[in-house]
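**Q** Sending over a structure as structure tokens; questions will come in a sec.
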């Protein structure tokens, strides 16, 4: 496994939502009761919960989404807000929506993205070269 970069989370809400007024978000101010998540078993759900930290208590969301597209549609419909990683925002997932992203105050919650290959893989050398290239040349625009 080779860590390639940190991917920061951003809070996403409707432009007209109270949550969108802040220019920078303190993680301690997140109301988990308003947070929409992907369904149980999705790694992005686990990352968002970990970003908020254990101090936030148990997670019993009112409703869960089965995909990022559904999650975006639910937020656009005014059902709440969510946390999304920078790479999904850079890919344009909010394009054509009435949603805005807001950065977190430092230190921002993030996840580490890594390239993983089996130790026994005959392509292990190629995976290492790809990881070296990404580490050296690719800079996440948001992070």
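**Q** For a quick check of your reading: which helices (runs of 4 or more DSSP H) sit entirely within segment 42-132 and have at least 1 residues that are over 12 Å from the mean Cα position of the chain (by Cα), surrounded by fewer than 18 Cβ atoms within 10 Å (Cβ to Cβ) and in contact (Cβ under 8 Å) with a residue 12 or more places away in the chain?
**A** 68-76
**Q** When only residues in segment 27-41 that are touching a strand residue (DSSP E or B) at 6+ places or on another chain (Cβ under 9 Å) and outside any helix (DSSP H, G or I) count, which is farthest from residue 88 (Cα to Cα)?
**A** If we take residues in segment 27-41 being touching a strand residue (DSSP E or B) at 6+ places or on another chain (Cβ under 9 Å) and outside any helix (DSSP H, G or I), then 31 is farthest from residue 88 (Cα to Cα).
**Q** In this structure, is residue 109 in contact with a strand residue (DSSP E or B) (Cβ under 8 Å, 6 or more places away or on another chain) and at pLDDT below 90? Explain how you work it out, then say what you get.
**A** Details: in contact with a strand residue (DSSP E or B) (Cβ under 8 Å, 6 or more places away or on another chain): yes; at pLDDT below 90: no.
Spelling it out, it is not the case that residue 109 is in contact with a strand residue (DSSP E or B) (Cβ under 8 Å, 6 or more places away or on another chain) and at pLDDT below 90.
**Q** Looking only at segment 1-26, which residues are within 29 Å of residue 136 (Cα to Cα) and in a strand (DSSP E or B)?
**A** Step one: list which residues in segment 1-26 are within 29 Å of residue 136 (Cα to Cα), which gives 1-11.
Across segment 1-26, the qualifying residues are 2, 3, 4, 5, 6, 7, 8, 9, 10, 11.
**Q** Quick check on segment 15-26: of everything there that is touching a strand residue (DSSP E or B) at 6+ places or on another chain (Cβ under 6 Å) and crowded, with 16+ Cβ neighbours inside 10 Å, which residue is modelled with the highest pLDDT?
**A** Among those that are touching a strand residue (DSSP E or B) at 6+ places or on another chain (Cβ under 6 Å) and crowded, with 16+ Cβ neighbours inside 10 Å, it is 25.
**Q** If you don't mind, another one. Among the residues that make up segment 94-102, is at least one of them touching a strand residue (DSSP E or B) at 6+ places or on another chain (Cβ under 8 Å) and at pLDDT below 85? Spell out the reasoning first.
**A** The initial filter retains those residues of segment 94-102 that are touching a strand residue (DSSP E or B) at 6+ places or on another chain (Cβ under 8 Å), namely 94, 98-102.
In the following step, the residues that additionally are at pLDDT below 85 were identified as none.
The answer is no, given that none of the residues of segment 94-102 is touching a strand residue (DSSP E or B) at 6+ places or on another chain (Cβ under 8 Å) and at pLDDT below 85.
The values are calculated or read from the model by the stated rules, or taken from the named source; none is laboratory data. Only a predicted model underlies this, so the values are computations on that prediction, with no experimental measurement involved. When we count neighbours, we look across all protein chains shown, and the Cβ atoms used for this are built from the backbone with ideal geometry, even at glycine.
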